[in-house]
Amino acid sequence: MDKIDLKDFLSYRYLSSPVATGKGIVFVGARADEKGNRYSRNLLSLENGRLRKLTHDGKMTSPVFFSGSIFFLGDREEKKAEGSSRIYELPLDGGEARLAYEIGYRTTSFRFLSDGRIVLLYTTDARYENLKPEDRAKKEKENADWEEIEEFPFYHNGGTFSANTYTRLAILDPTTKKTRNLTPRNFDVGYLEIDDEGKKAYVLGNRRRPAYELFNDLVEIEIDTGKTKKLLARRKWDISAIFLMNGTIVVAANDGRRTGINQNADFYKVEDGTLVPFASWGEAMYSSVGSDTRLGGGRISEVHDGKIYFVTTLRNRSLIVSLDKDGKFERIRDAEGSVDSFCFSGNDLYSVEMRDMELEEIYVNGVKATDLNSKVLEGKYVARPEKITFVDKDGIDIDGWVLRPKDFENGKKYPAILDIHGGPKTVYGEVFYHEMQVWASMGYFVMFCNPRGSDGRGDSFADIRGKYGTVDYEDIMEFKDRVLERYPEIDRNNVGATGGSYGGFMSNWILGHTDFFKAIATQRSICNWTSMWGTSDIGTYFVDDQNAASLMDGDFDKVLEHSPLPAIMKNAKTPTLIIHSDEDYRCPVEQGYQLLTALVTKGVEARLVLFHKENHELSRSGKPKARVKRLEEITSWFEKHLRARSK
């Protein structure tokens with residue numbers, strides 16, 4: 001069998017955003033364009049088993065079906081005013097896409113009412129929003145060399161500086177081409193749902209304030225009149241979704257009282273300004289199964305035929321669960337792998353899934369209906385995860401997996417790589433992970449596990465507030481030891497470790513607490529919680545919550561206790577590669593700078609590879625050339641320090 005090549009991901013098809021048409025679905029198929037250093041996104045349809053490509057120029061987002069046509073946001077050659085957006089219409093019965101609407105705002109999403117009016121969300125800058133698009137663009141250009149900041153967060157990962165900007169809800173009349181705002185100035189909308197009759201909109205949001213507000217108001221808006229009614233005032237409730245179910249407003253919400261900001265949501269009915277318990281699922285209502293072979297999104301919850309359907313994570317897999325009016329749950333798609341998004345078209349359930357160590361495909365009622373990714377893996381070695389479950393020192397069972405190297409031979413020695421997931425409230429599962437498969441094809445053992453702090457096993461298992469670098473570190477090290485016991489072919493003198501985000505934190509923690517590993521590649525990492533508090537887009541609440549401390553109250557000793565940097569400055573010896581992006585606003589680049597400074601000053605071999613115009617999502621959705629460079633750097637680092645040593 002052939003190896004999986006480092007650049008093979010450039011040929012993968014990334015599927016997302018399935019949209020019901022009644023007869024089937026339309027969805028987005030993306031592929032890397034290495035020459036253009038971008039991703040080409042086109043529309044495909046699946047109807048009665050027939051797959052058809054609808055667009056070819058690769059420039060579209062946000063498909064919406066209405067009245068026999070697909071509408072989408074795009075920028076297709078024609079000149080348009082700076083700061084405006086265009087919606088195109090593509091009839092499904094044939095013909096070319098045509099420009100349907102030009103909107104003088106940066107539209108992020110939209111949907112149709114039954115009468116053809118369009119409800120849209122757009123981002124605006126409070127300083128310029130009353131200007132015409134051309135005047136707004138001129139003013140923004142004049143002020144491009146500085147930022148005016150009076151609030152936090154001042155930027156958001158994956159975007160840019162966001163001070164003074166917010167998301168507004170409006171309605172577009174297709175006959176007059178005029179828009180009317182439905183939310184007031186400076187009210188920032190975070191979530192939208194519309195009733196089936198198109199009479200009322202339900203939004204989560206609040207007024208922009210200098211300091212970040214974790215909790216939102218739930219507001220009902222009469223679309224025709226613009227009249228608003230606050231259904232739930234901003235209190236200690238984090239609401240993540242709204243469902244309109246049999247005439248009842250149901251929300252997914254948590255109060256964070258048990259396990260902080262990562263506490264899983266429960267279902268509540270909204271009645272008379274309060275939340276009334278309806279049903280408790282106890283797990284995440286999304287897929288937290290990690291992979292580097294996704295691109296895009298799509299719906300992960302929907303009300304269909306009087307039931308709520310949602311994606312959830314259980315142990316190391318994600319599936320679909322339904323909730324009926326009596327509060328009864330039923331598992332719909334329960335198998336190893338991941339459900340990434342879904343929709344109902346008629347009575348058929350269409351889903352984007354990763355199963356059987358394959359890349360994403362479309363499934364209909366649980367049966368694979370497309371074969372878009374088979375050829376790229378045909379004849380290639382795909383390592384199958386071998387599961388290891390052990391009981392840790394505290395009596396808790398921990399799951400992990402091992403990939404054997406290509407052309408494995410009993411008795412032969414192989415280097416190994418420990419890969420640590422982000423989050424920490426995510427999971428590894430039995431799905432295709434490109435970087436791991438590349439290393440297995442190159443002759444490495446690859447090991448990965450779900451220590452305490454991971455998702456899919458309830459709030460208590462995931463809760464490591466104030467314990468970072470303790471029980472989670474112990475689980476990972478014990479997992480490593482169990483793997484070495486079971487696989488004597490692993491050369492224990494040539495084992496490396498890597499991980500990103502929380503996995504980067506843990507790589508840094510390892511760097512300061514053990515010399516076992518012969519090389520480390522730490523990515524988009526945290527080394528100093530105290531500086532992250534004031535620079536990360538989530539710093540003020542995430543740092544305090546996860547460390548069970550308050551920097552504003554002076555808990556510096558507690559926060560430093562869980563920061564890798566002090567131990568690194570004292571103990572680090574391991575050659576370390578640092579991967580960071582200068583527009584990573586989640587784990588800001590100053591974390592990488594501090595780490596490099598400490599290692600170089602200490603005389604430890606270290607190298608920082610800094611990616612310009614990339615962010616926290618580099619490994620998953622970074623530009624193709626940057627993703628290639630990142631994986632080349634990590635792989636070369638391990639080849640130098642693990643492979644070369646073993647020869």
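The values are calculated or read from the model by the stated rules, or taken from the named source; none is laboratory data. Only a predicted model underlies this, so the values are computations on that prediction, with no experimental measurement involved. Cβ sites come from the backbone with ideal geometry, for glycine too, and all protein chains shown count toward neighbours. Just so you know, the surface numbers come from the protein's heavy atoms only, side chains and all, with ligands and any DNA or RNA stripped out. Shrake-Rupley method; radii C 1.70, N 1.55, O 1.52, S 1.80 Å.
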Among Pro488, Phe461, Leu608, which residue has its Cα furthest toward the positive end of the charge dipole of the chain, with +1 on Lys/Arg Cβ and -1 on Asp/Glu Cβ? Leu608
Does a label point 7 Å from the Cα of Arg207, set along Cα-to-beta-carbon, have any residues of segment 105-145 with amide nitrogen under 13 Å, and which are they? none
Compute the distance in nm between two label points, each set 7 Å from the Cα along the Cα-to-Cβ direction, one at Lys23 and one at Ala233. 5.3
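Rounded to the nearest 0.05, what FRET efficiency do Met552 and Arg620 give with R0 = 51 Å and r taken as the Cβ-Cβ distance? Could you check? Please list the in-between numbers first.
On the way: r = 33 Å, r/R0 = 0.65.
Efficiency computed from Cβ-Cβ geometry: 0.95.
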Given the protein chains as shown and a 1.4 Å probe, how many square angstrom of His56 are accessible, to the nearest 10? 130
Gyration tensor verdict on segment 488-647 (Cα atoms; rounded if a/c is under 1.5, prolate if a/b is larger than b/c, oblate otherwise): oblate
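So with the 1.4 Å probe, I'd like the accessible area per residue for segment 73-197, rounded to whole Å².
Dividing the accessible area of segment 73-197 by its residue count gives 54 Å².
Go ahead and run the numbers for FRET between Arg258 and Glu330, Cβ-Cβ distance against an R0 of 22 Å, rounding to 0.05. Please report the intermediate quantities before stating the final value.
On the way: r = 26 Å, r/R0 = 1.17.
Once the sixth-power term is evaluated, E becomes 0.30.
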Two-site label geometry, Thr61 and Arg38: point separation in nm, points 7 Å out along Cα→Cβ: 1.2
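Is segment 517-595 rounded, prolate or oblate when judged by the Cα gyration tensor, a ≥ b ≥ c being the square roots of its eigenvalues, rounded requiring a/c under 1.5 and prolate requiring a/b larger than b/c? Walk me through the numbers before you get to the answer.
Details: a/c = 2.66, a/b = 1.38, b/c = 1.93.
Oblate.
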Karplus ³J(HN,Hα) for segment 406-423 (6.51 cos²θ - 1.76 cosθ + 1.60, θ = phi - 60°; Hz, whole; x = Gly/Pro) runs 4, 6, 4, 10, 4, x, 8, 8, 9, x, 9, 10, 8, 10, 10, 6, x, x
Calculate the spin-label point distance for Asp582 paired with Ile396, positioning each point 7 Å from the Cα along the beta-carbon direction, and give it in nanometres. 4.0
In square angstrom, rounded to the nearest 10, how much accessible surface does Thr535 have for a 1.4 Å probe? 40
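Which entries of Lys518/Lys629; Lys132/Lys229; Lys413/Lys570; Lys269/Lys368 show an alpha-carbon separation above 26 angstrom in the structure shown?
Those over the limit are Lys132/Lys229; Lys413/Lys570; Lys269/Lys368.
Which GluC sites (Glu not before Pro) in segment 390-440 pass both tests, a DSSP loop state and at most 14 other beta-carbon atoms within 10 Å? Spell out each step's value before the answer.
Values: sites: Glu409, Glu430, Glu435; in loops: Glu409, Glu430.
Filter output for segment 390-440: Glu409.
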Out of segment 1-94, which chymotrypsin sites (Phe, Trp or Tyr not before Pro) are coil in DSSP terms and have no more than 16 other C-beta atoms within 10 Å? none
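Just to check, using Stokes-Einstein with a Kirkwood Rh over alpha carbon pairs, what's the diffusion coefficient of the chain at 37 °C and 0.692 mPa s in µm²/s? Don't skip to the answer; put the middle values down first.
On the way: Rh = 26.1 Å.
It comes out at roughly 126 µm²/s.
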What does the net charge come to around Leu172 if you take all other residues with beta carbon closer than 15 Å to its beta carbon, with K and R at +1 and D and E at -1? +3
Solvent-accessible area of Trp533, probe 1.4 Å, all protein chains present, reported in Å² to the nearest ten, please. 60
Thr176 to Trp281: extension gain in nm, 0.36 nm per residue of separation minus the Cα-Cα distance? 33.2 nm
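Pairs of lysines 8 or more apart, or on different chains, with alpha carbons under 18 Å: count those in segment 1-107, would you?
On the way: Lys7/Lys35; Lys23/Lys53; Lys35/Lys59; Lys59/Lys79; Lys59/Lys80.
The number of close lysine pairs in segment 1-107 is 5.
Carbon-plus-sulfur fraction of the accessible area of the chain, 1.4 Å probe, in percent? Write down the numbers at each step before the final one.
Details: 12350 of 26790 Å².
Carbon with sulfur: 46 percent of the solvent-accessible area.
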When the helices in the chain are scored as -39500 (n - 2.57) per DSSP H run of 4 or longer and the sum is shared across all residues, what 222 nm value do you end up with, to the nearest 500 deg cm²/dmol? -5000 deg cm²/dmol
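Assuming 0.36 nm per residue, please report the length gained on full extension of the stretch Asp2 to Asn365 beyond their Cα-Cα distance. Present the calculation step by step, with values, prior to reporting the outcome.
Numbers: separation 363, 0.36 × 363 = 130.68 nm, distance 3.34 nm.
Result: 127.3 nm gained on full extension.
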Extended-chain gain in nm, criterion 0.36 nm per residue less alpha-carbon gap, Asp195 and His304: 38.0 nm
Which FRET efficiency value, to the nearest 0.05, do you get for Lys141 and Asp75 by plugging their Cβ-Cβ distance into 1/(1 + (r/R0)^6) with R0 = 25 Å? 0.85
